[in-house]
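Chemist: Input: one structure, supplied below.
The values are calculated or read from the model by the stated rules, or taken from the named source; none is laboratory data. Note that the structure is predicted; figures quoted are calculated from it, not measured. Reconstructed Cβ throughout: ideal geometry from the backbone, glycine too, with neighbour counts over all protein chains shown.
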Amino acid sequence: MRIPCPYCGPRDAHEFSYLGDATGTRPKNPSAPDAILAFHDYVYPRGNPAGSHRELWYHTNGCRRWVEVSRNTLTHEITGARFAGASIPDASVPDASVSDASEKEAVS
Ligand SMILES: [Zn+2]
């Protein structure tokens, strides 16, 4: 599987470290009465979606930036990638969308 890093371009998945789900939202108020439960729910429970999913990958052996990847967990098709936390795609970065069916392999 090749991951289209917005900075480095398409790279082998072995250059990256997988963090997991990119859809969680950190609780805003750590002093709230239910903060412990809110942080527990943010950190520990993980889904195992079948299909389209947004994931966080760290380009360990590259630019050392966090990348949010949209990937189909059934086919490993990657439909997009951007720097994590980027709300608006950087127009100066070439389109990182990739659909390379010839390089589907399991993510370790
Ligand atoms: Zn990179």
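Chemist: Would you check if Y42 is among the hydroxyl-bearing types (S, T, Y), within 16 Å of D12 (Cα to Cα) and out of contact with any Asp or Glu (no Cβ under 9 Å at 6 or more places or on another chain)? Full working, then the answer.
Modeler: Working: among the hydroxyl-bearing types (S, T, Y): yes; within 16 Å of D12 (Cα to Cα): no; out of contact with any Asp or Glu (no Cβ under 9 Å at 6 or more places or on another chain): yes.
No: the conditions fail for Y42.
Chemist: So S70 fits all but one of (1) touching a His at 6+ places or on another chain (Cβ under 9 Å); (2) part of a strand (DSSP E or B); (3) within 16 Å of the ligand (Cβ to nearest atom); what number is the exception?
Modeler: Every listed condition holds for S70 apart from (3).
Chemist: Right, another one. Would you mind stating whether R82 is within 16 Å of the ligand (Cβ to nearest atom) and modelled with pLDDT of 90 or more?
Modeler: yes
Chemist: OK, next. Go through the stretch 20-66 and count every residue that is part of a loop (DSSP other than H, G, I, E, B), without any contact (Cβ under 8 Å) to a residue 60 or more places away in the chain and within 16 Å of the ligand (Cβ to nearest atom). So that I can check it myself, show each step before the final result.
Modeler: Initially, the stretch 20-66 is screened for residues part of a loop (DSSP other than H, G, I, E, B), giving 22-34, 44-51, 59-65.
Now drop any that are not without any contact (Cβ under 8 Å) to a residue 60 or more places away in the chain, which leaves 23-34, 44-51, 59-64.
Restricting the remaining residues to those that are within 16 Å of the ligand (Cβ to nearest atom) gives 59-64.
Counting residues in the stretch 20-66 that are part of a loop (DSSP other than H, G, I, E, B), without any contact (Cβ under 8 Å) to a residue 60 or more places away in the chain and within 16 Å of the ligand (Cβ to nearest atom) gives 6.
Chemist: Let me ask another. Looking at (1) within 10 Å of the ligand (Cβ to nearest atom); (2) over 17 Å from H53 (Cα atoms), find the lone condition where P4 falls short.
Modeler: Answer for P4: the failing condition is (2).
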